[in-house]
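Worksheet: one structure, shown below.
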Amino acid sequence: MFFLIKINGNTYLFHNIISLADFLLFINIDIYNRDLVLEYNKVVIKAEQHNQTKLKHKDNIEIVYIVGGG
């Protein structure tokens, strides 16, 4: 069984169920970066939830970094 996940508009195809944290590591995202904000199916989730969140068919994830400036 295959399932599709959309990340920042890019579609990924998976064979196995994985956690959000595992997927972020797979695409080389530093999950410990404090400036990282994730929107999972239109809901912002905390870093503590990344390991327990299992990706499902047609999930939509937006990855954003907080940038300071002046």
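The values are calculated or read from the model by the stated rules, or taken from the named source; none is laboratory data. These numbers come from a predicted model, not from an experiment. Quick reminder, even Gly has a Cβ in these numbers, built from the backbone with ideal geometry, and neighbours come from all protein chains shown. For accessibility, only protein heavy atoms count, side chains too; no ligands or nucleic acids. Shrake-Rupley method; radii C 1.70, N 1.55, O 1.52, S 1.80 Å.
Odds and ends about this structure:
- Size of electric dipole in the chain: Cβ of Lys, Arg +1 and of Asp, Glu -1, about Cα centre, debye, nearest 20: 240
- Put a dot 7 Å past the Cα of N10, heading toward its Cβ, do the same for Q52, and the two dots end up 2.9 nm apart.
- Segment 17-45 versus segment 52-70: alpha-carbon centroid distance in Å: 6
- Choice from L20, L36, L55 showing the highest fluctuation, given a GNM over the chain with Cα pairs closer than 10 Å: L36
- One chain, two ends: L36 and I63. Fully extended at 0.36 nm per residue, the span grows by 9.0 nm beyond their Cα-Cα distance.
- Solvent-accessible heavy-atom area per residue, rounded to whole Å², over the chain at 1.4 Å: 73
- Taking the empirical scaling 2.2 N^0.38 Å for compact globular proteins as reference, the chain has a Cα radius of gyration ratio of 1.11.
- With every protein chain in place, segment 12-70: carbon and sulfur % of accessible area (1.4 Å): 53
- The loop-placed trypsin sites (Lys or Arg not before Pro) in segment 1-61, going by DSSP, that have at most 12 neighbouring Cβ atoms within 10 Å of their Cβ come out as R34, K42, K46, K56, K58.
- Projecting the Cα atoms of M1, A21, H50 onto the dipole axis of the chain, where Lys and Arg carry +1 and Asp and Glu carry -1 at the beta carbon, places M1 farthest toward the positive end.
- Within a Gaussian network of the chain (alpha carbon springs, distance under 10 Å), most fluctuating of D30, D22, D59: D30
- Relative contact order [Cα under 8 Å, 6+ residues apart], the chain, whole percent: 42
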